[in-house]
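Scroll down for the structure; my scribbles are underneath it.
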Amino acid sequence: MTPRRPPRPVDSAAGRLQRILHIAISLTGASAALIVLKDGEVAASAGTPPKGTAAAELAGFGLAFALEAEQGRARQDPAVAWRACAVRDAAGETLGALVLAAARAKAFAPGLDEALPELCALASDELGQAAAAAVLQAEREGLFAEVDHRVKNVIAAVQAMASQSARRAVSLDGFLKPSPAG
């Protein structure tokens, strides 16, 4: 048996979400996996949707499926087998859903019910970190905008003083020469 290579480190949130989805497909036997945000945007996807199903259809239907399943209701689709769970932040706010889909004829692997909550927790951690990074970036951009605004105000004040001094000077030498009082 050949030794397994350690996984390559992934340095982006999108790459880490992608890895989570590939693990989900490997563990569950799904043909496609998505992480859909609550606004319907697909944060990451992996695999191939079941025949006759578009990725956008998977995203919309999958998010609705996850939220309905959480409330004890579930849709039945004759062509696609669905499994999904809500992805939540630490405060319990729904961020989106991890959605698995397979052709109806293909059964999910045993152990899915144990693996799915763990996979959702990994996705939740990753999305939470990405959200925190976005907040920090927004704060950083706000601080840069404030510094930029203040620098422009200082430059405007210096220009106004120079303009006022230039109006009082009778010559260029008089403008450039320091005043005897200063």
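The values are calculated or read from the model by the stated rules, or taken from the named source; none is laboratory data. Note that the coordinates shown come from a computational prediction; the quantities given were computed from them, not determined experimentally. Glycine also receives a Cβ, built like all others from the backbone with ideal geometry; neighbour counts cover every protein chain displayed. Heads up: the accessible areas ignore ligands, DNA and RNA and are worked out on the full protein's heavy atoms, side chains in. Shrake-Rupley method; radii C 1.70, N 1.55, O 1.52, S 1.80 Å.
Checking each residue of the stretch 108-126 against the condition of being at pLDDT below 80, farther than 27 Å from Leu37 by Cβ and open to solvent by 60 Å² or more (accessible area, probe 1.4 Å) gives at least one match.
Among the residues making up the stretch 26-35, those that are in contact (Cβ under 8 Å) with a residue 40 or more places away in the chain and assigned to a helix (DSSP H, G or I) are Leu27, Thr28. Of all the numbered requirements in (1) open to solvent by less than 50 Å² (accessible area, probe 1.4 Å); (2) modelled with pLDDT under 75, Leu95 misses one, and that requirement is (2). Within the stretch 44-53, restricting attention to residues that are modelled with pLDDT under 80 and not hydroxyl-bearing (Ser, Thr, Tyr), the residue that is most open to solvent (accessible area, probe 1.4 Å) is Lys51.
The residues on offer are Ala74, Ala84, Ala56, and the sole one that is at pLDDT 65 or above and hydrophobic (A, V, I, L, M, F, W, C) is Ala84. For the criterion of being aliphatic (A, V, I, L, M) and at pLDDT 80 or above, Ala156 passes.
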